[in-house]
Number of protein chains: 2
Amino acid sequence: MSQDRTISRAKTVSLGADRPIRLACGVDLGPFTVAFETYGTLNADRSNAILICHALTLDQYVASPNPVTGKPGWWHTLVGPGKAIDTDRFFVICPNVLGGCMGSTGPGEINPATGTPWGLSFPVITIGDMVQAQVRLIDHLGIDQLFCVIGGSMGGMQTLEWAHSHPDRVFAAVPIATSYRHSAQNIAFHEVGRQAITTDPDWHGGDYFSHGVKPHRGLAVARMAAHITYLSEPALHRKFGRSLQDRDSVGYGFDADFQVESYLRYQGSTFVDRFDANSYLYITRAMDYFDLATEAGGVLANAFRDTTVRWCVISFSSDWLFPTSESRAIVHALNAVAANVSFVEVNSDKGHDAFLLDEPEFHDTLTGFLKGAEERRGLPVEPRKAPKP
Amino acid sequence: MSQDRTISRAKTVSLGADRPIRLACGVDLGPFTVAFETYGTLNADRSNAILICHALTLDQYVASPNPVTGKPGWWHTLVGPGKAIDTDRFFVICPNVLGGCMGSTGPGEINPATGTPWGLSFPVITIGDMVQAQVRLIDHLGIDQLFCVIGGSMGGMQTLEWAHSHPDRVFAAVPIATSYRHSAQNIAFHEVGRQAITTDPDWHGGDYFSHGVKPHRGLAVARMAAHITYLSEPALHRKFGRSLQDRDSVGYGFDADFQVESYLRYQGSTFVDRFDANSYLYITRAMDYFDLATEAGGVLANAFRDTTVRWCVISFSSDWLFPTSESRAIVHALNAVAANVSFVEVNSDKGHDAFLLDEPEFHDTLTGFLKGAEERRGLPVEPRKAPKP
């Protein structure tokens, strides 16, 4: 029964036809499509909805198999019946972000005005724009207030943006492994990826569609560089060390002698099958532009003044892409406005990637926080079922 | 007078014609060319020579203007009359590594057997091979024992290799910001750079010479990715933060909005004017292959058993490419064989790059160590002159 309810119901919805959204760049966008998945059942008073915001290269398939890769949902260990985000209790919504490439309006989709893919004519978007599109989706679903907004990495940026720009529509917020503004180092890594893509001759100024090619080489290099930043040195050392790939001694050549090389090449080559290069440009740019302190006039605390949102901020000790210091800055700002905030730095050596992995301390933290928030929110208390084996 | 002596005497020498070096890959190489610079004067008993080993993308122009870039020598703050490496007292030798592209034999040079550039027919070399070539240079200069071998990063690997394979020819050794084996993370970053180069269509399987092009795009991306690893997040934050480049607000496009983007692009574009893409492949490979513990049968301490070398190991607190833990592992191995070793972790927020910068604590450490070693070696004690203003 509850197993049935975890079967995803793939949906897309066209929004903003009569009332476009005004993007940060000044362009009015509408109609636009949001592709999303839901899990569980919305209760009668529409108070049990959890919005999950995805990271840079992820998508709406948070708890159901990804139709492109065939792999399980990217948070299937966390979202499902009896799991930390319990789909027997909560109605979970996960939309593909604006600018994405899994069905939501983005540079790879057809521009209705021209009948051809947007490409670089797609307006540059921001995290705030992604959230604007999500607000329209939540309106469409008839939900006044989300019980919780949760997201890691770029999903955490969206979570912060939701709580900042729509505090009355968010009961609780869980920003994970994220920051209130993209650091210089992270902008630099993104710029390397963008340069790899845009200097690939097959990119054709973003118009590769009309040339019948794709900038696979550049996108693969971008992914490889980014992938290193998702891991930690200890995790790489433990997983690969200097172990050789299918050989007893080095080959004195440029094949992938080391397992870590082979692994990275595989990461690059599989990524190009599921991700659009222009989307990569747009979404990385949105992250680079994110700076909630500047949005709030230079003082981060002002972004959350008088907030009634219940907060749980989570970081991972070995995450060097979004280090704990960034989460701590968020917590300090929330403390400065006397917000209701708990903060956990999960001890893990798995780097930024830890937020996607089966980290018991992380899952327990989330379970505990949601249970407390549920009681505060006065959601009907049902006995929790044991997770399926 | 001493100013005169710092004028470099550019030299190249052809070595190994009658007695090739046997490379680790099994190939016999000879004759081969070593391009090198010297500074100061070799004393009568040839006991005051310091060999400086350069890092990945550097060269022999350690203390004199680089003829390609016109910039001062890369360690001009450290090497010169009255400086930490005092060319009034020491005879400084800095060779371009085997595989390099500043005059020493490498993939961009002409293969005498074919009359065309080596390209990928150049044998894959190791740090040990670089040192073998340097040994022949030192033989050629009539020097039995080097007073000191000094190097940072890949130069530190050569320093370790010298002390391991020719302990009787090294009185003192200063490995700086380095490791006894390249880590999985560092191999991964190198592999990203190599993939950027080899997937550039202008690379042509390494034979770009015959096509009249160069893989500038790939090499620039490789440099950009690597450059981030040379810096620290605090240094990037202090230097650039989220400051915009020549604009008051973001441009909602893919131009270099942020100063850090503009800086990185500049680093990439200037690098391609001075460095050969194939050399980049070969030298990164040599670093990846370096593993002194494995060379010594799995126990690093065995690499230095019975060593009489005087050691000064130096690391920098914010270096995450070659973190202090790597230097500490070297020190532990040296302690295990009761070596004469001092160790300093210099407090700096400038990342790996700190070894190239004007870091007073680093310079003072080196000055003090060399002074002590000079006395131990019984070098003629001359009063030190004040540095030139």
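Would you order A:227, B:352 from fewest to most other beta-carbon atoms within 10 Å of each residue's own beta-carbon?
Values: A:227 19, B:352 23.
Starting with the residue having the fewest Cβ neighbours, the order is A:227, B:352.
What relative contact order, as a whole-number percentage, does chain B give when Cα pairs under 8 Å and 6 or more residues apart are counted? Each step should come with its number before you reach the end.
Numbers: 773 pairs, mean separation 65.7, N = 389.
It comes to 17 percent, rounded to a whole number.
Testing the spin-label approximation: label points 7 Å from Cα along Cα→Cβ at residue B:247 and residue A:68. State their distance in nm.
With each label point 7 Å from Cα toward Cβ, the separation is 2.8 nm.
Sorted from shortest, what are the nm distances separating the label point of residue B:270 from equivalent points in the other copies, each placed 7 Å from Cα along Cα to C-beta?
Copy-to-copy label distances at residue B:270, shortest first: 4.0 nm.
In a Debye calculation with equal point scatterers on the alpha-carbon sites of region B:1-107 and no solvent, what is log10 I(q)/I(0) at q = 0.15, 0.21 Å⁻¹?
Calculated log10 I(q)/I(0) at the listed q: -0.66, -1.08.
For every helix of n ≥ 4 consecutive DSSP H residues, a contribution of -39,500 (n - 2.57) applies; sum these over the protein assembly as shown, divide by its total residues, and give [θ] at 222 nm rounded to the nearest 500 deg cm²/dmol. Please report the intermediate quantities before stating the final value.
Numbers: 22 runs with 256 residues, N = 778.
Calculated mean residue ellipticity at 222 nm is -10000 deg cm²/dmol.
Determine the equivalent ellipsoid of region A:187-284 by diagonalising the alpha-carbon gyration tensor, then write out the semi-axes as square roots of 5 times the eigenvalues, largest first, rounded to whole Å. Present the calculation step by step, with values, prior to reporting the outcome.
Values: eigenvalues 161, 50, 20 Å².
So the equivalent ellipsoid measures 28, 16, 10 Å along its semi-axes.
Could you list which residues have their amide H under 5 Å from that of residue A:24, counting only those 5 or more apart in sequence or on another chain, with H placed in the peptide plane?
Result for residue A:24 returns A:126, A:129.
For residue A:267 paired with residue A:12, estimate the spin-label separation in nm (one decimal), with each label point 7 Å from Cα along the Cα-to-Cβ line.
3.0
Taking DSSP loops as anything outside H, G, I, E and B, show the longest stretch in chain B free of trypsin sites (Lys or Arg not before Pro) there with at most 16 other beta carbons within 10 Å.
The answer is B:47-246.
Would you kindly state how much longer the chain becomes between residue A:110 and residue A:46 on full extension, computed as 0.36 nm times their sequence separation minus their alpha carbon distance, in nm to one decimal? Kindly include the intermediate steps, with their values, before the conclusion.
On the way: separation 64, 0.36 × 64 = 23.04 nm, distance 3.37 nm.
Computed gain between residue A:110 and residue A:46 is 19.7 nm.
In region A:187-284, if the dipole is taken from +1 on Lys/Arg beta carbons and -1 on Asp/Glu beta carbons about the Cα centre, which of A:206, A:235, A:187 is farthest to the positive end?
A:235
Would you mind computing, in nm to one decimal, how far apart the modelled labels at residue B:145 and residue B:207 are, each placed 7 Å from Cα along Cα→Cβ?
Roughly 5.1 nm, to one decimal.
In Å, what is the Rg of the alpha-carbon atoms in region A:142-194, and how long is Dmax?
Rg, Dmax (Cα atoms, Å): 13.4, 42.
Once the label point is set 7 Å along the Cα-to-beta-carbon vector, what list of distances in nm do you get between residue B:241 and its counterparts in the other copies?
The answer, with the shortest distance listed first, is 4.5 nm.
When every alpha-carbon pair in chain A is counted, what percent end up more than 41 Å apart? Spell out each step's value before the answer.
On the way: 8643 of 75466 pairs.
For chain A, the share of Cα pairs beyond 41 Å comes to 11 percent.
By DSSP, what percent of the beta bridges with both residues in the protein assembly as shown are antiparallel, rounded to the nearest 5? Show your work: numbers first, answer last.
Details: 30 of 80 bridges.
Percent antiparallel among DSSP bridges in the protein assembly as shown is about 40.
Based on other C-beta atoms within 10 Å, arrange B:344, A:124, A:299, A:337 from fewest to most.
Values: B:344 19, A:124 23, A:299 12, A:337 15.
By the 10 Å Cβ count, ascending: A:299, A:337, B:344, A:124.
Fewest Cβ neighbours within 10 Å first, please rank B:105, A:57, B:294 accordingly.
On the way: B:105 29, A:57 21, B:294 15.
Least to most surrounded, the residues fall as B:294, A:57, B:105.
No value in this document is a laboratory result; all are computed from the given coordinates. A quick note: this is a predicted structure, and the numbers were derived from the prediction, not measured. Note that each Cβ is placed from the backbone with ideal geometry, even for glycine, and that neighbours are counted across all protein chains shown.
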